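Asker: Okay, here's the structure, questions in a sec.
Where a number appears in this text, it was derived from the coordinates with a stated rule and is not lab data. All values derive from a computational prediction rather than experimental measurement. Cβ coordinates were reconstructed from backbone atoms using ideal geometry, including for glycine residues, and neighbour counts include every protein chain displayed.
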Amino acid sequence: MTGNRSRVALSVEDLRVHYHTERGAIRAVEGVSFDLLAGERLGLVGESGSGKTTTAMALMRLIRPPGRIESGRAQLGDLELLSLSDEQMRQARFAHISLIPQGVMNSLNPVMRVGAQIADTIQAHEQGPGGEKMRARVSDLLSLVELDPDTAQMYPHELSGGMKQRVGMAISVALRPQVIIADEPTSALDVVVQKRVMDTLFRVQGELDAAVILVGHDMGLMAQCVDRLGVMYAGRLVELGPVQQLLEQPLHPYTRLLVSSLPSLDRRGEFRGIPGLPPSLLDPPAGCPFHPRCPEAIDGCTTKIPGLTTVVADDDSARIERRAACHLHTGVTS
Amino acid sequence: MSASLLEARRVRMEFGGGLFERQRLVAVQGASLQLPADRPVVVAIAGESGSGKTTLARLLLGMIPPTSGSILYQGTELKQLDRSGYQVFRRQVQAVFQDPFGVFNPFYRVDHSLELPVSKFFPELTRDQRRERIEEGLRAVGLRAEETLGRYPHQLSGGQRQRIMVTRALLLDPKVIVADEPVSMVDASLRATILESLFRIHRERNISLVYITHDLTTAYQLSHTILIMYRGDVVEVGDVEQVIKAPRHPYTQLLVRSIPLADTKRRWGEDPDGEPAPSQGGAGPETTEQALSIANGTGGCPFADRCPHVMASCQQTNPSLVLTDPGRAAACHLYEEAPALSAEQIATLSHGGTEGT
């Protein structure tokens, strides 16, 4: 499906991650496949428990027991991330694929100067650079994320939330990865700061010529930030497509209800929640995981799990392809 | 002026100034707000973290006494209420907090959180009557008793827990519910459901709501009037339609532009009507905590360091709220010719009552 103009940066195939508990396996990610195109911004949106963060962590190979990657492939250039040894993966992190974790602002070491923490990351991957050379690199990185190079001398408590978030970003991109995964990078920030941190992230992305996976639950943020959006529900990718079409004409009933539940500045005193609750991942319903809440469920929905199929295709470009995992959409319409 | 149910009159709240702090933090500076007694209203208090919105909520709930100014319930200052009067206040003004995970005792079934307030405030009810009251309360927020009662908090979702907190507040027949970020920790698909249950109890049970939030879109959706707070000051107050659709204060303008709307036709950073932002809008230094507390002490406008329209007067005096339009006031030197307002007039604007002139 790789078109001429759509070089693939990262190809994820049939990713499955389960958490093994005493009560059985929790199917956190169940057969997720998608291609991240070079230079694009792909959003992964979903509610808590939909598997979006687990997907991100699996691509970084940071799943801890009782979690386990059951199957799947993640091809990044010559590397198949899921089959690398632990040491190979350690080297690939930051250098090829990097994560800006949720709450990165709270992950900084409080008793270490910011500059030293950035230098630490570089030293863990590269032998040698020290002294003046390292200082120059750290200050370049700080300017890249739009911080004053003097910030290097400061401790995390001297910085605001937005500034700490930028430091986290500087650490993540210190080794110029091709793929940056940002997991809710601004969810703890105020709305005004949020926009500026995202602007910085995308400028850095441009500078590095990297592709970004933006993980989150905020549809508004996704609408304003990404090129393509994947919607996750109960561990599965249920819809994938260009963000504008996805929001304007959602294919999957879940996407449609989710979009119409969003508050807008056009309607007052009108609320459209989605009735029901997300299913248990321990004992998911038979068939489509959304069928108990779906207003359009048909006979097959209760028995057969719909796969993610192409609904709108274009041979030239994967960028405009639309896919949905729903029995209402089987077959290609263009 | 009409009789008020719950009112904040020029309340100021300072924190710190103790042994280790060099300076005091003014969390709320002379805020006035009123809920009328004759009709239920929904008032939103919006602002970023550190704006003082939660402090104002805690003042309204009587959880902390103001440094100066007063909180009045049905015309009587809280600190002058007698024991039974205070009991009535505590029953009729209820709170719903942000975190649906932290407010439950994990060792008790959720029934406990619902039964305790009922038996405390309505000791005359029989066991069956209490049960009926609880089930009715659960229905009002769209929960079924058989799916919630008898369970432990960890067996319920965040959305269910938050609705149980709304139920708990409802059980006491309140006149006011102060909801502090009730949906910020709840998933998108359930957010609308919770806001809807709040809105419904406002409509059906004539309960006034004070909705504290950082999210202007849900504030717009739910409320009639809104107060925008910035670093302790109320910078704009009035009819929600006017404030959100045509903000007057440069800070409100910045906030409205910064909302990431789920609409790809509206670019982030533009006004909702498509006007591009002024070139410096939103620029200015990202403040460190230190800068924040320093700005707190200077006499100027707290927004002066970030404001694209900053003038000399902004550095010298902090503007007070003036009536920029019928039904709305803003605290900004750009509108100096507009008529000044008394605390009473501001309080009236806060619930959209008669125009403040």
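Asker: What is the average number of partner chain Cβ atoms found within 10 Å of a Cβ in B:254-261?
Answerer: Details: counts 3, 3, 2, 3, 7, 8, 13, 10.
Shielding by partners across B:254-261 averages 6.
Asker: Shielding of B:322-329 by partners, i.e. mean partner chain Cβ atoms within 10 Å per residue? Each step should come with its number before you reach the end.
Answerer: Details: counts 0, 0, 0, 0, 0, 0, 0, 0.
That works out to 0 on average.
Asker: Multiply the residue separation of A:Gln153 and A:Arg268 by 0.36 nm, subtract the distance between their alpha-carbon atoms, and state the gained length in nm to one decimal.
Answerer: Details: separation 115, 0.36 × 115 = 41.40 nm, distance 4.87 nm.
The span from A:Gln153 to A:Arg268 would gain 36.5 nm if fully extended.
Asker: Using the Kirkwood radius over Cα pairs, work out the Stokes-Einstein diffusion coefficient for the stretch A:105-176 at 25 °C and 0.890 mPa s, in µm²/s as a whole number.
Answerer: Working: Rh = 11.9 Å.
For these conditions, the coefficient is 207 µm²/s.
Asker: Which FRET efficiency value, to the nearest 0.05, is calculated for A:Arg73 and B:His112 with the Förster distance at 41 angstrom and r the Cβ-Cβ distance? Walk me through the numbers before you get to the answer.
Answerer: On the way: r = 50 Å, r/R0 = 1.21.
After rounding, the FRET efficiency stands at 0.25.
Asker: For the protein assembly as shown, what Kirkwood radius comes out of the mean inverse Cα-Cα distance, in Å?
Answerer: On the way: mean 1/r = 0.0369 Å⁻¹.
Result for the protein assembly as shown, one decimal place: 27.1 Å.
Asker: So how tilted is helix B:158-171 from the main axis of chain B? Cα-based, degrees 0 to 90, rounded to 10.
Answerer: Orientation of helix B:158-171: about 80 degrees from the principal axis.
Asker: What is the stretch B:78-135 by shape, rounded, prolate or oblate, if you read a ≥ b ≥ c off the alpha carbon gyration tensor as root eigenvalues and call it rounded for a/c under 1.5, prolate for a/b larger than b/c, and oblate otherwise?
Answerer: Judged from the Cα gyration tensor, the stretch B:78-135 comes out oblate (a/c at least 1.5, b/c at or above a/b).
Asker: Could you work out the mean projected area of the convex hull around the alpha carbons of chain A, in square nanometres to one decimal?
Answerer: Values: hull surface 75.0 nm².
Quarter of the Cα hull surface area: 18.7 nm².
Asker: So, one more: Could you let me know the centre-to-centre spacing of the stretch A:70-128 and the stretch A:296-320, using Cα atoms, in angstrom?
Answerer: 35 Å
Asker: Which whole-number percent is the relative contact order of chain A (Cα, under 8 Å, 6+ apart)? Please list the in-between numbers first.
Answerer: Values: 654 pairs, mean separation 69.0, N = 334.
After rounding, I find 21 percent.
Asker: Tell me the Kirkwood hydrodynamic radius of the stretch A:182-297 in angstroms, computed as one over the mean inverse distance between distinct C-alpha pairs. Don't jump to the answer; show the numbers that get you there.
Answerer: Working: mean 1/r = 0.0622 Å⁻¹.
Averaging 1/r across every pair of different Cα atoms and inverting gives 16.1 Å.
Asker: Taking the Cβ of each residue in A:His20, A:His329 as the centre, tally the other Cβ atoms inside 10 Å and list the residues starting with the fewest.
Answerer: A:His20, A:His329
Asker: Only four residue types carry charge here, +1 at the Cβ of Lys and Arg and -1 at the Cβ of Asp and Glu. Report the dipole size of chain A about the Cα centre in Debye, rounded to the nearest 20. Numbers along the way, then the final one.
Answerer: Details: 34 positive and 39 negative charges, 77 e Å.
So the magnitude is around 380 debye.
Asker: What size of dipole, in debye to the nearest 20, comes out for the stretch B:122-250 about its Cα centre when the only charges are +1 on Lys and Arg C-beta atoms and -1 on Asp and Glu C-beta atoms? It would help to have the intermediate numbers written out before the result.
Answerer: On the way: 18 positive and 18 negative charges, 45 e Å.
With Lys and Arg at +1 and Asp and Glu at -1, about 220 debye.
Asker: Let me ask another. Beyond 27 Å, how much of the Cα-Cα pair distribution for the stretch B:48-175 remains, as a whole percent? Could you put the intermediate results ahead of the total?
Answerer: On the way: 2262 of 8128 pairs.
Everything past 27 Å amounts to 28 percent.
Asker: Enumerate the amide H contacts of A:Ser160 below 5 Å, restricted to partners 5 or more residues apart or on another chain; note that Pro and chain-start residues carry no placed amide H.
Answerer: B:Glu289
Asker: Once you keep just the Cα pairs under 8 angstrom separated by 6 or more residues, what percentage relative contact order results for the stretch B:1-137?
Answerer: Details: 152 pairs, mean separation 32.3, N = 137.
Over the stretch B:1-137, the number comes to 24 percent.
Asker: Could you list, in their original order, any pairs among A:Lys195/B:Lys245; B:Lys175/B:Lys245; B:Lys53/B:Lys120; A:Lys195/B:Lys265; A:Lys164/A:Lys195 whose Cα atoms are separated by more than 22 Å?
Answerer: Numbers: A:Lys195/B:Lys245 20 Å; B:Lys175/B:Lys245 30 Å; B:Lys53/B:Lys120 30 Å; A:Lys195/B:Lys265 17 Å; A:Lys164/A:Lys195 15 Å.
The answer is B:Lys175/B:Lys245; B:Lys53/B:Lys120.
Asker: Please identify the longest segment of chain B free of exposed chymotrypsin sites (Phe, Trp or Tyr not before Pro), where exposed means a DSSP state other than H, G, I, E or B and no more than 13 other Cβ atoms within 10 Å. Working shown, then result.
Answerer: Numbers: sites that count: B:Phe20, B:Phe101, B:Phe107, B:Tyr108.
Looking at chain B, B:109-357 is the longest stretch - no exposed chymotrypsin sites (Phe, Trp or Tyr not before Pro) with at most 13 other Cβ atoms within 10 Å.
Asker: For the pair A:Ser280 and B:Asp128, how long in nm is the line joining their label points, each one 7 Å along Cα→Cβ?
Answerer: Distance between label points: 3.3 nm.
Asker: Tilt of helix B:110-121 relative to the longest C-alpha principal axis of chain B, in degrees (0 to 90, nearest 10)?
Answerer: Rounded to the nearest ten degrees, it is 90.
Asker: From zero outward in steps of 10 Å, how is the percent of C-alpha pairs of the stretch A:67-222 spread across the bins?
Answerer: Cα pair-distance distribution for the stretch A:67-222, in percent: 10, 39, 36, 14, 1.
Asker: Quick one: helix B:83-92 against the long Cα principal axis of chain B, what's the angle to the nearest 10°, folded into 0 to 90?
Answerer: Relative to chain B, helix B:83-92 is tipped by roughly 80 degrees.
Asker: Averaged across the residues of B:31-37, what count of C-beta atoms belonging to other chains lies within 10 Å of each residue's C-beta?
Answerer: On the way: counts 0, 0, 0, 0, 0, 0, 0.
Mean inter-chain Cβ contacts per residue within 10 Å come to 0.
Asker: Moving on to the next point. How high is the FRET efficiency between A:Thr21 and A:Ser143 when r is their beta carbon distance and R₀ equals 45 Å, given to the nearest 0.05? Kindly include the intermediate steps, with their values, before the conclusion.
Answerer: Numbers: r = 46 Å, r/R0 = 1.03.
The value I calculate is 0.45.
Asker: Would you mind getting me the FRET efficiency between B:Ser342 and B:Ala312? Use the beta-carbon distance for r and R0 = 30 Å, nearest 0.05.
Answerer: Details: r = 27 Å, r/R0 = 0.91.
Computed FRET efficiency for B:Ser342 and B:Ala312 comes out at 0.65.
Asker: Right, something else. Which percent, to the nearest 5, of DSSP beta bridges fully inside chain A are antiparallel? Write down the numbers at each step before the final one.
Answerer: On the way: 32 of 51 bridges.
Bridges in chain A that DSSP calls antiparallel: roughly 65 percent.
Asker: Let me ask something else about it. Would you work out the charge dipole size for the protein assembly as shown about its Cα centre, treating the Cβ of every Lys and Arg as +1 and the Cβ of every Asp and Glu as -1, and quote it to the nearest 20 debye?
Answerer: Values: 72 positive and 80 negative charges, 277 e Å.
About 1340 debye.
Asker: Per residue, how big is the convex hull of the stretch B:158-207 when only Cα atoms are used? Give it in Å³. Walk me through the numbers on the way to the answer.
Answerer: On the way: hull volume 3.0 nm³, N = 50.
So the per-residue hull volume is 61 Å³.
Asker: Running a GNM on chain A with Cα contacts under 10 Å, which residue among A:Leu208, A:Leu277, A:Leu15 ends up with the highest mean-square fluctuation?
Answerer: A:Leu277
Asker: Would you work out if chain B is rounded, prolate or oblate? Take a ≥ b ≥ c from the square roots of the eigenvalues of the alpha-carbon gyration tensor; rounded if a/c is under 1.5, else prolate when a/b is larger than b/c, oblate otherwise. Show your work: numbers first, answer last.
Answerer: Numbers: a/c = 1.84, a/b = 1.56, b/c = 1.18.
Prolate.
Asker: Sticking with this structure for a sec: Let me have the relative contact order for the stretch A:241-313, percent, based on Cα pairs under 8 Å that are six or more residues apart. The partial results should precede the final answer.
Answerer: On the way: 55 pairs, mean separation 15.9, N = 73.
Worked out over the stretch A:241-313, it gives 22 percent.
Asker: If you wrap the stretch A:34-97's Cα atoms in a convex hull and average its projection over all directions, what's the area in nm²?
Answerer: Numbers: hull surface 20.3 nm².
About 5.1 nm², averaged over all directions.
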